[in-house]
Structures are given as C-alpha cells and as structure tokens.
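Please read the structure below before turning to the comments.
The values are calculated or read from the model by the stated rules, or taken from the named source; none is laboratory data. None of these values were measured; they are calculated from a predicted model. Glycine also receives a Cβ, built like all others from the backbone with ideal geometry; neighbour counts cover every protein chain displayed. With ligands, DNA and RNA removed, areas are computed over all heavy atoms of the protein, side chains included. Shrake-Rupley method; radii C 1.70, N 1.55, O 1.52, S 1.80 Å.
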Amino acid sequence: MIKNLLSVKIQINTAYLEEIISNCKNGLIVSHFNPDGDAVGSIVAFYYYLKGRDIDAKLVLPSGYPDFLSFLDPKEEKIKISFFQKKEVLSLIKSADTIFCLDFNKLSRTEDLEEEIRNSTAVKVLIDHHPVPEVEPFSMVISRTDVSSASELLFWTLMSMPDIAGNINNISIECAQALYVGMMTDTNNFSNSVFPSTFEMASELIGRGVDKNQLQEYVFNSYSYSRMKLMGHILKDNMYVLENQKAAYIILRDRDKKEYNFSPGDTEGFVNLPLSIKGIMVSALFTENINEETSFIRVSLRSKGDWNVNLFANGYFNGGGHTNASGGRLYDISIEKVPEYFEKAIKEYLKK
Ligand SMILES: [Mn+2]
C-alpha cells in the first residue's frame, strides 16, 4: 500500500475511485468553458495517468484554450473542442462509460455540454477545488478548497492511489508536467492561494524531473508583441482607480481587441495588474463580448485578504468562484454603462 506516507500531505480516500477507474473502459475527461491553465493541466494530467494504466480516455473542452497551453495537448489524443466539433463531442459523451469532471463545481460550467453530461448514464466523478460543489449528478465527489488548484487536488489524489502509493516516480513525466502547469497558473506562479501542501507538491514534481524554468517560459513569456501593446493601452487609457473604495477596474472594449489583434488568452493576468498599486484591495476587468453568437460582458474579479469577491460576484455579476478570485457576466448593459454600475455596486457592497 502507501509506502511513503510522509510525502502524502493530503490523503484522499481513493478506494472508491480505484474501483471506478478499474471498471472504466471508455473514459471521458472534461473541464469548464473558457478553460485556463488549471483546466487544461488537470485534464491532461489525468489523461496521462489513465493512459499509464492502459485505459482509453478522450479529452473534451466546451471552448478553445489559450495558445500558450497548446504544448500540453497530447499529440496522440488531441483535446476535442465542442465549439468547433460539437457533433463529435456529443457522441463521445454518449459513448463514455465514465466521465471525469475537473476544475469546476457546477455542470453548468460546461455550457452547452451540460445537458448531455447530465443525461448520460455514465459513472461521473468530480475532482474540484471551488466552494459548494453540485453533488447530485456525481457518483463520487472529491472536493477541497484548502488546495491551490484542481491540479493540486488531483496530484494528492493520484499520490494516494494504490498504484502510485505515494511514490512520485510512479507518476509519468508528462502527467507531472501538466500538474505543475495547472498549479503554477492557478497560483499565478506561487503568488496566490498557496498552501504548505502546494510547495510540497512543487518540490515532489521538480524532484521528479519537471523543468520549471521551461514551463515558465512556455506559460508566462510566450505572449505576442500586440498583446503587450494592448496591455499598455488599457493601463494608460482604460484603467480607473476608486481611491475611497480601494478598488480599481479595467475596461476592455471589442474595438480595442480588434485594433490589437486580440486572441484568446491575451487578457490572462490583466485583472491582477491593478492590485500592484499601493492600497488597492480589489480589482475588476470588464471585457466586452459582442458577436453573432453572444452578447455579454465578461467580468473577472481579484482581491486581497478578506475582501470576498465570491460574494461580490454572486450579488452583482451573475457569477462566483473563490474568495480572492471570481468571475461572472453582465447581460443587458452596454460597456459604456459599466463604470456607473460598478461604482454603485461596490459602494453598496461595502456598506453591507
Ligand atoms: Mn482552478
């Protein structure tokens, strides 16, 4: 059984998971709409784990991932994006006997895959780190909020599996690398949501041979020149500071995206920028999203300390997430009206 108990800081009861995995013949691994590094990292890591056990699994995402994560996408089993291959993805969901859901707490986060997954008779497993997960659709829920990321929770889950038995050398390098990227992106390179167990995980993975410098190059230093120019433009002309509320926000309009050749993932990290201003405790990024298919404003929120953006997103932005990092959407409001709406919302919220 588990040989090196000391290296398993967070123990998960994996007996049931082992039973589910050993019965799995056609697995499907899925994460949330608008996938980030943790979403892609955790599903890819889990794919390599199953592959190591000769279990066939497909990788599925509701929408495309940012370009800088493409190095993770397995060459022999590319991630299928429902936005581009909906029919194929729906038939994969139909034929799966086991569905593994990572890095989201509600099936609605899979957007137009929700119904198909909910109606599927497959055994469903949730592995996630967001508060208050939906439990009813799942046979097994592995949920903890005292970890940095879904990738970290998956790491500790795998370490507790009988075949890994707490020995990092039983985890493949491809799996280890994907777990590291998920953790590194969700913590913004060890700056938020970091626990003692997170450093323990990093230490184990680096000991396994993960090249942290190379992964940082791929993830943090792979942006385009036009993305840097866009960042300069929005910081200079579209960032507003509310000193009395210790808040700041950025507006990103469709016309600016067009002017600077915007591609998915280019806004990665923008919402954190105002938090480096002295005294600012909460930051918001409003991204206009108007095209033939959708019409809404994407809201990203970040905060420091006890400032709870999960409650704030719940109350004013049709969303939620974590205490210091949340997201949401605004409908039926033009981007020009956002400053007024935000300033009113934050004053009202702070009064409570
Ligand atoms: Mn995450």
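Worth pointing out:
- Value of relative contact order over region 5-220, rounded to a whole percent, pairs C-alpha under 8 Å and six or more apart: 25 percent
- Sequentially through region 69-78, phi angles give Karplus couplings (6.51, -1.76, 1.60; θ = phi - 60°) of 9, 5, 5, 7, 4, x, 4, 7, 8, 4 Hz, Gly and Pro residues having no value and appearing as x.
- In the structure shown, the pairs Lys106/Lys352; Lys78/Lys106; Lys258/Lys344; Lys229/Lys257; Lys58/Lys78 are assessed against 20 Å; a Cα-Cα span above that value is assigned to Lys106/Lys352; Lys78/Lys106; Lys258/Lys344.
- Between Glu200, Glu268, Glu19, the GNM of the chain built on Cα springs shorter than 10 angstrom shows Glu19 fluctuating the most.
- Carbon/sulfur fraction of accessible area - region 225-351, other protein chains in place, 1.4 Å, %: 49 percent
- Across region 216-352, Cα-Cα pairs farther apart than 18 Å form 54% of the total.
- Estimated FRET transfer efficiency when R0 is 41 angstrom, pair Ser91-Asn261 (beta carbons, to 0.05): 0.75
- Only Cα sites of the chain enter the Debye sum here, all with the same form factor; the resulting log10 I(q)/I(0) across q = 0.07, 0.10, 0.11 1/Å is -0.30, -0.61, -0.74, listed in q order.
- Cα shape, region 146-293, gyration tensor, a/c 1.5 rule: prolate
- Gyration tensor (alpha-carbon) shape descriptor, region 15-168, a/c threshold 1.5: rounded
- For Met161, the residues whose amide H sits under 5 Å from its own are Gly166, ignoring neighbours fewer than 5 places away on the same chain, with H placed 1.01 Å from N.
- Region 24-100: C-alpha gyration tensor shape, a/c 1.5 cut-off, then a/b vs b/c: oblate
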